[in-house]
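The values are calculated or read from the model by the stated rules, or taken from the named source; none is laboratory data. Please read these numbers as outputs of a predicted model, since none were measured by experiment. All Cβ positions, even for glycine, are placed from backbone atoms using ideal geometry, and neighbour counts span all protein chains on display. Just so you know, the surface numbers come from the protein's heavy atoms only, side chains and all, with ligands and any DNA or RNA stripped out. Shrake-Rupley method; radii C 1.70, N 1.55, O 1.52, S 1.80 Å.
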Amino acid sequence: MARTSCPRRWGSELSPKLRLLATLLGLLAGGGPALAADLGSQHVTFLLPETPAVFMRDAATGTFSGRGVDMLRRLARHAGMAEPQFEQTVTARALLDASTRPGTCAVGMGRSPEREAQFLWAGPISRAELVLLARADEKRLFDSLDDARNLSIGAIRNSVAAVRLRAQNLQVEEVSDDATNLRKLQAQRIDLWAANAFVAREEMRNAVPPLPKVVLSFGLIETFIACHPQMDPGLFAAIRQAVAMLTREGVFSTVKP
């Protein structure tokens, strides 16, 4: 008896790995517009520590401006996202909110082993030196962090600078922002100010002389966009791809030293 020929069900003959590959190819071939539409309806709130010329908020109008804000708007367009929202905050609060509030990303955060699993990381978006600054009339010489022992050092709360100095058993006084550190240093309420060199330079741009001086560089810091750990995978992938694209285009050179 002749065997009846039946149409072969191709999908049923594939191994699990090949079926997954076929599914992915189908998404790439036909799912692009739907994915873009989904991203276009998703809002991200960027949490911004105030930094002169980079992240600024007009108290009267609530309008955000600065080189970093322009960069984030451009990033959102590249990612195909909705217009981003912004909130002004301080570093410690930005880290707390980005770890607990869905749809948020803290911008300009230092990455460390302790924080690694708490966020999804995109970047780096900037690189700078970590420095100690002293008053203009400071006469002591600083060849290493050991020379700062027994001196009071101002740093931003939960910052990479504060963590590194505490690891060296140095005396750190943590505050919410660098404007406060600058005032405390000039008023002789602290001996030294530990900061991202780029941020410190911007903070001092409109300060009253005599301005503090850099007395020691104690390492480099890279800053990142730290997003909520359960952010939609497609949305976060689009953010990372946009960061990579803007890095290649040199956009981040406008916000880093």
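Descriptive notes on the structure:
- Looking across the range 160-191, the residues that are open to solvent by 20 Å² or more (accessible area, probe 1.4 Å) and among the small types (Gly, Ala, Ser) come down to Ala167, Ser176, Ala179, Ala187.
- The numbered conditions (1) under 30 Å from Asp97 (Cβ atoms); (2) hydroxyl-bearing (Ser, Thr, Tyr); (3) open to solvent by 20 Å² or more (accessible area, probe 1.4 Å); (4) touching a residue at least 60 places away in the same chain (Cβ under 8 Å) are all true for Ser144 except (1).
- Of the residues making up the range 38-69, those that are in contact (Cβ under 8 Å) with a residue 24 or more places away in the chain, more than 20 Å from Asp177 (Cβ to Cβ) and open to solvent by 20 Å² or more (accessible area, probe 1.4 Å) are Asp38, Gly40, Ser41, Gln42, His43.
- Under the condition of being open to solvent by 20 Å² or more (accessible area, probe 1.4 Å) and closer than 21 Å to Phe86 by Cβ, the residues counted in the range 201-228 number 1.
- Set Asp143, Asp177, Asp137, Asp147: member being charged (D, E, K, R) and out of contact with any strand residue (DSSP E or B) (no Cβ under 9 Å at 6 or more places or on another chain): Asp137
- Every listed requirement among (1) in contact (Cβ under 8 Å) with a residue 60 or more places away in the chain; (2) among the charged types (D, E, K, R); (3) open to solvent by less than 40 Å² (accessible area, probe 1.4 Å) is met by Arg240 save one, (3).
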